[in-house]
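Asks: Before anything else, here's the structure in question.
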Amino acid sequence: MRAVQTLEPEATDADGWDQELGFPPALRERRGQTRRVRIAVRGLDRDPDLARRVVEHLERRPGVQRATASALTGRVLVEIADDAMAFADVVADVADLELPALPGEDRPTHPLEPGPLVRSATRTVGAALGIGLLAGRRLVGAQGPPVGGTRPAAVAGMIGILQGFPSVRSGLRGLLGPDVADLAFTAASIVSLTLAGSPLGLALTGLEAFRLFTEARARRETWRGYEERREHTGSPQPGTVTLLEAGERTPLAARVVEGTGTAAGPDGLPVPVTPGVVVTAGMPLHGGPFLLELQSGPPFMPKPRSGLVADSVYDRYVRAVGPLSLAYAAATALITRSLARTFAALLLVNPRTAVLGAEAANAGASARVLRSGVTVVGTRPERHVRLPNVLLLDAPRVLTDGLELAAVLPLTESADAAEIRARAAAVAAAAGSPWGSI
């Protein structure tokens, strides 16, 4: 728990007042004498000009020190002087500017949301305390579970059965909220396993929770590092003027105000860059330095999928095992007329193993890409980090970026490969030339 407090000393989800008043979700924290709030803004990812309007509106408010919008997370970060204004006023301003919701649109999670970290840390600590209690009883010579009888084990089994059906978990999370529902299940499961004297069940619960905790913590630390690297660069917004050096990329489409050089076009070949030219987003620049005015692209509307998404093996298994487990339990009850055997049938045949395995696999995939240097921002519900089946490249430049010249293929017989290479080297090495490293 100390690790949780260290990562986010005063972070909170705004105590739920934003949801009660219909405001967008907000995360708040304190950095010294500055208060910070991260507000979800619907439409940042589909209207490039919305970020500029939100930032300009917030920066006109007295007490706002800085505001930056990120289409990557769909949130705006607002820094407020201590006690200058209330968080609710800032969130209300943003709520008036965000775009209307589209049918079926949801809000992506933020890497710094404390919910996953707190839930996994609570489960880990609770399981460790339960194992410690059972170990302490063994040390003092106590035998058997803390509470006799089969009731604690039955309660633990019933909780496991309920957690194994995704429809039940989703319904309870929608009714009580994810934090309350998971905390209630976790507390009841750990207490019942402890009273039943099941160190194996507590160990499995603790290991599963610790796996989720390490992934959530690594994701937060990676995002913190990304924010620190972007601290002094600011967020790219249409209308702002930025200075780029040779080798840097323009974050948005931009008009060149000053500077000459070249840029790698979509086909990988160099294109001239002079004042007045508009370069597209992502172009690596050479020469310069360049003074660029960022441009705003047209807003777009997300289109529905052209076809149905094929169900995975996990989806088909969970959908089939749920009814089959209930049918198996009903058949067991009819044949044996025993409540104990019916309960045992439900314990043996249910989707819980697949659900827990999928959660652990998703956390493991996210942890692996984090260790490889990828910044995982977050995913929408039911979207996880996974190996893609198809990788689409928008331009040959993606394949040629960073490669060096290895061979020259003349297109006509009158040209000589050695002469072409010598001219290219002379152009690249010419002192004061605007071409840069070609």
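Asks: Criterion first (under 26 Å from ALA344 (Cα atoms) and touching a residue at least 12 places away in the same chain (Cβ under 8 Å)) does ALA153 satisfy it?
Replies: Yes, satisfied.
Asks: Working carefully through the options LEU117, LEU133, LEU172, LEU129, find the one that is within 31 Å of the chain's Cα centre (by Cα) and either assigned to a loop (DSSP other than H, G, I, E, B) or surrounded by fewer than 18 Cβ atoms within 10 Å (Cβ to Cβ) (or both).
Replies: LEU129
Asks: Is it the case that segment 194-214 has a residue that's in contact with a Ser or Thr (Cβ under 9 Å, 6 or more places away or on another chain), loosely packed, with under 14 Cβ neighbours inside 10 Å and either β-branched (Val, Ile, Thr) or modelled with pLDDT under 85 (or both)?
Replies: Among the residues of segment 194-214, not one is in contact with a Ser or Thr (Cβ under 9 Å, 6 or more places away or on another chain), loosely packed, with under 14 Cβ neighbours inside 10 Å and either β-branched (Val, Ile, Thr) or modelled with pLDDT under 85 (or both), which makes the answer no.
Asks: Can you name the residue in segment 387-438 that is under 30 Å from ARG368 (Cβ atoms) and among the polar types (S, T, N, Q) and, of all such residues, is modelled with the highest pLDDT?
Replies: Only one residue fits best here, namely ASN389.
Asks: Given the criterion more than 39 Å from the chain's Cα centre (by Cα), modelled with pLDDT of 85 or more, within 23 Å of GLY160 (Cβ to Cβ) and not β-branched (Val, Ile, Thr), identify the matching residue among ARG337, ARG341.
Replies: ARG341
Asks: On the basis of being in a strand (DSSP E or B), outside the structural domain of PRO251 (by TED's automatic domain parsing), free of Cβ contacts under 8 Å to residues at least 60 places away in the same chain and closer than 29 Å to ASP179 by Cα, does ARG66 make the cut?
Replies: no
Asks: If you check every pair at least six apart or on different chains, which have Cβ atoms under 6 Å apart with a residue in segment 295-310 that is closer than 30 Å to GLY276 by Cα and small (Gly, Ala, Ser) first and a residue that is at pLDDT 75 or above and part of a loop (DSSP other than H, G, I, E, B) second?
Replies: SER296/PRO238
Asks: If you don't mind, there's one more thing I want to ask. Within segment 226-235, is there a residue that is farther than 30 Å from PRO323 by Cβ, polar (S, T, N, Q) and in a loop (DSSP other than H, G, I, E, B)?
Replies: Start the filter on segment 226-235 by keeping residues that are farther than 30 Å from PRO323 by Cβ, which leaves 226-235.
From what is left, the residues that are polar (S, T, N, Q) are 233, 235.
From what's left, in a loop (DSSP other than H, G, I, E, B): 233, 235.
Looking for residues that are farther than 30 Å from PRO323 by Cβ, polar (S, T, N, Q) and in a loop (DSSP other than H, G, I, E, B), one finds at least one in segment 226-235, hence yes.
Asks: Within segment 80-94, is there a residue that is in a strand (DSSP E or B) and either closer than 18 Å to ARG219 by Cβ or modelled with pLDDT of 80 or more (or both)?
Replies: Within segment 80-94 (the criterion being in a strand (DSSP E or B) and either closer than 18 Å to ARG219 by Cβ or modelled with pLDDT of 80 or more (or both)), the answer is yes, since at least one residue qualifies.
Asks: So, in segment 336-359, of the ones that are in a helix (DSSP H, G or I) and among the β-branched types (Val, Ile, Thr), which residue ends up farthest from VAL318 (Cα to Cα)?
Replies: Ranking the qualifying residues of segment 336-359, first place goes to THR336.
Asks: In addition: What number of residues in segment 236-263 are buried (at least 18 other Cβ atoms within 10 Å of the Cβ) and modelled with pLDDT under 80?
Replies: Number satisfying all stated conditions: 3.
The values are calculated or read from the model by the stated rules, or taken from the named source; none is laboratory data. Keep in mind that what you see is a predicted model, and the values were worked out from it rather than measured. Please note: Cβ atoms are built from the backbone with ideal geometry, for glycine as well, and neighbour counts cover all protein chains shown.
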